[in-house]
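Single-structure report; data block below.
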Amino acid sequence: MPTRTVTKHDFLTALGCNTRAWFGMRESGGIPTPADLLRMQEGQDVHRRAQSLHPNGVFAGSIEKTKRLILDHAVNVIIEAAFTVDGYTARADWIHRVKGGWVVGEIKSSLFNEDGPKDEHLEDLAYTVMVARRSGLPVKGCELVLMNRDWRLGMPDTELFVVTDHTAVVLPMADEYNRLWDQIAPLLLRRSRPSPHWCWECRACEYFADRCVGVGISDPIFQLPYLRENKFTELTAMGVTRISAIPSDFKLSQSQQKAATAIRTKNPQIDAAVIRAALDSVVWPVGYLDFETLMTAVPLYPDVAPHEQLVTQYSLHVEASPGSELAHREYLADHTRDCREELTARLIRDTSGCGSVVVYSSFEKTQIRGLASLLPAYATELAGLEAKLFDLEPVVRRGLVHPNFSGRSSIKVVLPVLAPDLSYAELDIGDGSAAVAAFAKLALGDATDEEIQAVRGALLEYCKLDTIAMVRVLRALQSRS
């Protein structure tokens, strides 16, 4: 069995919670989802393209080869430089030789932002610098390599990236991490689990409910909507970790109080007046609209920016009057080209007879505005469509708080409660991330003709269920008003 070591992910996770990091080091990670595979593929592509900035760089990939290349003064750039010391391992995307030492570079597939990099990118770089310095590498500089939002297909790979220096920030951060050197590795590498405790990281921890402090707790305070860290800290300092234990005089917002009451009593909190007032504004015939999109780090079509979101698909169910038979219209782009103008023209035509167009969240509004900006010839018609939008999610959030919603209101949470006969579980594509990955697979040319037909059929079925879901949710609200 290979010797277990602490990685960058382990160390940074441990800064939030040692127990979560300890569990994570011992997990296989499971089978990657199509979305995971797409992200990995994109990361590999971005790293390969970034190497164009150092065409004479020499690949290391192992600790021993890294050591040899560092000693070879004919080598100025080392790609995938690997380091290990005292139970810690790190791999620098590249290091390049400067006077008196080396600059450590971290490549990210995120966009460069004039306001500065994400904290997590600096943290990643600081960890790598810490381990490299402990290994004896004299680090003189620290740089991030991010993507240029102005790059387009056909431009050289060297113009895809923006390299920025962050030495002044990262070296002190690496010093701070270094003070924990003798604490974290021994804690994570020992056989026994660190003592668990409630912390802010519990809210998104994959081990919380079945292996850690959340075992047996059906109403953790994380189910309070819009819970902030300061309120969490205040509650846990009082020893309160369950909603049922929150003192009656503890200050909660109105939405939190509704959720707490529903969860405590196990009874839905229904505000029929709020529901009725909202639904009375709906104008029939009603359309139910859902978009699917494509977004990739490196664009797949001309005149598209890195990470630009493209609408590729919609489903529209039309209900002429309450409870009447539904008509269905749909569009799925040709994956070999950018079809946004064709999609827009069809969308305008298909929604023209609707009085209101029901959506779930602000996503469709954002995408319609994006299409209007991209295609000014359609801006007037798209503004008219935007004016018809009716967002169902706030109606659910304010008017129907169910104990089984667990403080949330996304349609994937709401649908099993309000329409248990509908399910995404049997679909080949069952969520938005999988839909993005599936369309990307087609656009990348990674599918056979048979696979193309199967994937396109699965995409249509998934998007269709999203709009049927909205029909059923609206009808469930009508029955409670």
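Points worth noting:
- Listed peptides 404-410, 130-136, 285-291 by packing density, highest first (mean Cβ within 10 Å): 285-291, 130-136, 404-410
- Restraint check, Lys8/Lys99; Lys258/Lys412; Lys251/Lys464; Lys251/Lys365, Cα-Cα greater than 31 Å: Lys251/Lys464; Lys251/Lys365
- The aspartates and glutamates whose alpha-carbon is closer than 19 Å to the alpha-carbon of Lys231, local same-chain residues fewer than 8 away aside, are Glu201, Asp219, Asp249.
- Neighbour-count order for Lys266, Lys140, fewest beta carbons within 10 angstrom listed first: Lys266, Lys140
- Angle between the chain longest axis and helix 254-265 axis [Cα atoms, degrees, rounded to 10]: 80 degrees
- In terms of the mean number of neighbouring beta-carbon atoms within 10 Å, the peptides 462-472, 111-121 order highest first as 462-472, 111-121.
- Ordering of 416-428, 47-59 by packing [mean C-beta count within 10 Å, highest first]: 47-59, 416-428
- Here Lys388 is the anchor, and the aspartates and glutamates within straight C-alpha reach of less than 12 Å, apart from those fewer than 8 places off in the same chain, are Glu364.
- Spin-label pair Ser52/Asp119, simplified geometry with 7 Å Cα→Cβ offset, distance in nm: 3.5 nm
- Relative contact order for the chain: 14 percent, from Cα pairs under 8 Å spaced at least 6 residues apart, divided by residue count.
- Listed values [x] 19, 38, 23, 16, 4, 0; [y] 27, 60, 13, 0; [z] 19, 45, 32, 4, entry calculated as P(r) over Cα pairs in 20 Å bins from 0, in percent: [z]
- Coil-residue GluC sites (Glu not before Pro) of the range 250-349, DSSP, other Cβ within 10 Å capped at 12: Glu325
FYI, it's all coordinate maths here, none of it is from the lab. Just so it is clear, the model here is predicted, and its values are computed rather than measured. Glycine also receives a Cβ, built like all others from the backbone with ideal geometry; neighbour counts cover every protein chain displayed.
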